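Here is the structure we will look at.
The values are calculated or read from the model by the stated rules, or taken from the named source; none is laboratory data. Source: prediction; values computed, not measured. All Cβ positions, glycine included, derive from the backbone under ideal geometry; neighbour counts span all protein chains shown. We work out accessible area using only protein heavy atoms, side chains counted, and drop any ligands, DNA or RNA first. Shrake-Rupley method; radii C 1.70, N 1.55, O 1.52, S 1.80 Å.
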Amino acid sequence: MIYVLNGPNLNRLGTREPDIYGTTTYQDLVDLCLTTAEDLGVTVEVRQTNADHEMIDWLHQAVDEGADVVLNPAAWTHYNIAIRDACALLSGKLIEVHLSNIHKREEWRHHSVISGVATGVIAGLGIDGYRLALEHIAR
Ligand code: DQA
């Protein structure tokens with residue numbers, strides 16, 4: 001099982017700041033992950049939450065199962081140490097994904113507290129980043 005976990009406000013994709021995130025909806029993101037998984041012959045579960053305690057519980061579940069995780073921590077990327085600490089417990093791969101290129105945006109988005117415990121980071125490729133992350137894990 002590969003978990004694809006999405007943080008706050010990502011359920012609003014499609015109408016959320018379309019100049020930055022485009023008009024691709026959250027459902028498009030889910031569909032892409034499911035189609036990619038089917039093509040690769042792997043099982044994925046795609047989840048989204050606006051509550052950090054729920055994300056931490058999901059990360060603990062991945063820890064207990066030794067599962068790989070594709071994570072878009074959204075705004076938590078930049079300050080949530082509890083989520084970083086949960087990520088640090090993972091024994092499987094952790095691919096941090098951002099739809100936008102956070103390095104091109106406001107300076108406070110340039111730093112990720114998650115990247116130091118991630119296997120790798122993909123930013124700026126829109127939902128294609130999720131496909132690439134899944135392909136990497138499946139290999
Ligand atoms: C994001 C980038 C974050 O800075 C922002 O808070 C998000 C989305 C991205 O996918 O580009 O919510 O993680």
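Take LEU34 and decide whether it is within 16 Å of the ligand (Cβ to nearest atom) and either open to solvent by 40 Å² or more (accessible area, probe 1.4 Å) or within 19 Å of ASN80 (Cα to Cα) (or both). Here the answer is no, as LEU34 does not meet what is asked. Taking the listed residues GLY126, GLY22, the one that is at pLDDT below 95 and closer than 17 Å to ASN9 by Cα is GLY22, with no other qualifying.
State which residue is farthest from the chain's Cα centre (by Cα) when the search covers only the stretch 47-58 and only residues that are crowded, with 16+ Cβ neighbours inside 10 Å and within 16 Å of the ligand (Cβ to nearest atom). For the stretch 47-58, the residue satisfying everything is ASP52.
ALA86 fulfils the conditions (1) in contact with a Leu (Cβ under 6 Å, 6 or more places away or on another chain); (2) part of a strand (DSSP E or B) except for a single criterion, (2). Right, VAL97: in contact with an Asp or Glu (Cβ under 9 Å, 6 or more places away or on another chain), within 16 Å of the ligand (Cβ to nearest atom) and not in a loop (DSSP other than H, G, I, E, B) or not? Taking the combined requirement at face value, the residue does not satisfy it.
When residues in the stretch 6-26 are screened for being within 12 Å of the ligand (Cβ to nearest atom) and either in contact (Cβ under 8 Å) with a residue 24 or more places away in the chain or under 24 Å from GLU38 (Cα atoms) (or both), 12 of them pass. Within the stretch 37-46, restricting attention to residues that are free of Cβ contacts under 8 Å to residues at least 60 places away in the same chain and either more than 15 Å from the ligand (Cβ to nearest atom) or part of a helix (DSSP H, G or I) (or both), the residue that is most open to solvent (accessible area, probe 1.4 Å) is GLU38. On the stretch given as the stretch 62-118, residues that are under 25 Å from THR43 (Cβ atoms) and touching a strand residue (DSSP E or B) at 6+ places or on another chain (Cβ under 8 Å) total 22. Cβ-Cβ contacts under 8 Å between residues 6 or more apart (or on different chains), taken from a first residue in the stretch 64-76 that is open to solvent by 10 Å² or more (accessible area, probe 1.4 Å) to a second residue that is within 12 Å of the ligand (Cβ to nearest atom) and of a type in the set (S, T, N, Q), are listed as ALA74/ASN6; ALA74/ASN9; ALA75/ASN9.
Condition check ((1) open to solvent by 20 Å² or more (accessible area, probe 1.4 Å); (2) near the ligand (Cβ under 9 Å from one of its atoms); (3) under 16 Å from ILE20 (Cα atoms)) across all residues:
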| site | (1), (2), (3) |
| --- | --- |
| TYR79 | yes, no, no |
| CYS87 | no, no, no |
| ARG109 | yes, yes, yes |
| ALA123 | yes, yes, yes |
| ILE137 | yes, no, no |
